[in-house]
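> Take a look at this one; I'll ask things after.
Rule-based calculations on the coordinates, nothing more; no lab input. Computed from a predicted structure; not experimentally measured. So basically every Cβ, Gly included, is an ideal-geometry build from the backbone, and we count neighbours across all protein chains shown.
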Amino acid sequence: MNDLFARASGRFGAGALRRGALVAVTAGAAVLAATVAFAPSASAGTTLGASAAEKGRYFGAAVAANKLSDSTYVGILNREFNSVTPENEMKLDATEPQQGVFTFTNADRIVNHARANGMKVRGHTLAWHSQQPGWMQNMSGTALRSAMLNHVTQVATYYRGKIDSWDVVNEAFADGSTGARRDSNLQRTGNDWIEAAFRAARAADPGAKLCYNDYNTDNWSHAKTQAVYNLVRDFKTRGVPIDCVGLQSHFNSGSPYPGNYRTTLQSFADLGVDVQITELDIEGSGTTQANTYRSVVTDCLAVARCTGITVWGIRDTDSWRSSGTPLLFDGSGNKKPAYTATLEALNAGGTTNPPTTPPTTPPTTPPTTPPGTPGGCTASVSLNQWNGGFVATVRVTAGSSRINGWTVGVALPGGASVTNSWNTQATGTSGTVTFRNVSYNGQVNAGTTTEFGFQGTGTGPTATPTCTAS
Ligand code: G3I
């Protein structure tokens, strides 16, 4: 837990602070002469990252590893941004090109650059119907489910402690008016594939915020937005680990910035998750484009849990939609009117600093039931098993009266070993392992449940666990 808090409070790393101090010194020299005549603004950042940081937020960019040798590109990146998202280098085809063979070289270049310069990293993405390697495209059923969970576990474990937020699942809902899940090989493994991916990600890196990320989820009245909202609400209700929602926010004439965007941001935030604008680009030019950037930034700053904005590229020529000139810098690296509007909006916006709490799975016990005689409990286990490892989720259910604590015994098959657990205190790693409640999930009201989990190597438990209440 201390580790979690340390990582959370260290979000604006030493490098960022150093860069912030440098900016402050430089800016300080510039405003000194003017101080007699004007009271300079106490919080006027001169770069996107510094200005966002003054509001407790980050401002990031999607970065391509093969551009890190472009000095103009890197100059802007290091000057303006305090978060990066690898544009393609952490996708499934990049990180597991052959089943069981993981390659992190290009992703590492970006992660190392970010860490050396005090920037956060958004991981993108662990599970997606697109950009799958060929071997995965040809899989289905339980083999695919296991392969997907193994991918999530291996990649998130490799980057454990280095990722601020993971896009655990990307683009799982269909466009249009149905609000249905997108058909894909992953969806056909069962409707619970998304929560299984989130549980595996939490097990692998308990300190990273876990996001669901999608596009066309900006307009509050769209069916797809409502479908994602319902997914997040369901996860929060059932204690499935989720910390954030990513709105990609690719805007153009066919998919314009909606007037109810702030309502969408606030509505997601009200579910108890952070909201991140993850892939912002706005096609257009001049004042019109600048004003839309201004609106997006102003909306984010008005919502306390809108914790950061990432633009999907640096210069227009770096964009996946370069002909739409959708970014903040032109092809030569000059600041566009959209840049100025964005910086002004960051400096002018609300001062609602988002909370910097670590990821948590919320306690599921409302504190309203009066104390009763401690009663019994039962426990059941559900398993995601793959070749060589597993994630187990254990549900503890109180009997006919409220319990104030619980101890669960889980018998592991020979050769199996617990490597990691969450929402519990574990004793032992093999044989019969004992799991006790932690401070926030000991109280369970009559007939209600709480969940904890653990990850292990070998074969997961198949017998029903014992449960003792206190
Ligand atoms: O690097 C190769 C190059 O060697 C090769 O010659 C060329 C021929 O096609 O392809 C190049 O790779 C391309 C890669 O971008 C790098 O430019 C891929 O074909 C191309 O599919 C890939 O497109 C990416 C796309 O996702 C698909 O994964 C875009 O760069 C990237 O901006 C885009 O990002 C997505 C987010 O992940 C999810 N949300 C939507 C967003 C925009 O589509």
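> Using a cut-off of 23 Å between alpha-carbon atoms, which lysines can reach residue 236, once sequence neighbours fewer than 8 places away in the same chain are excluded?
209, 224
> Highest mean first, what order results for 48-60, 445-457, 97-109 on Cβ atoms within 10 Å?
48-60, 445-457, 97-109
> Pull up all non-local amide H partners of residue 275: gap of 5 or more, or a different chain, and H-to-H distance under 5 Å with H placed in the peptide plane.
Amide H neighbours of residue 275: 245, 306, 307.
> Let me ask another. Using θ = phi - 60° and the Karplus form 6.51 cos²θ - 1.76 cosθ + 1.60, what ³J(HN,Hα) does each residue of the stretch 333-348 get, whole Hz, x for Gly and Pro?
With coefficients 6.51, -1.76 and 1.60, one gets x, 7, 5, 8, x, 4, 5, 4, 5, 5, 5, 4, 5, 4, 6, 8 Hz.
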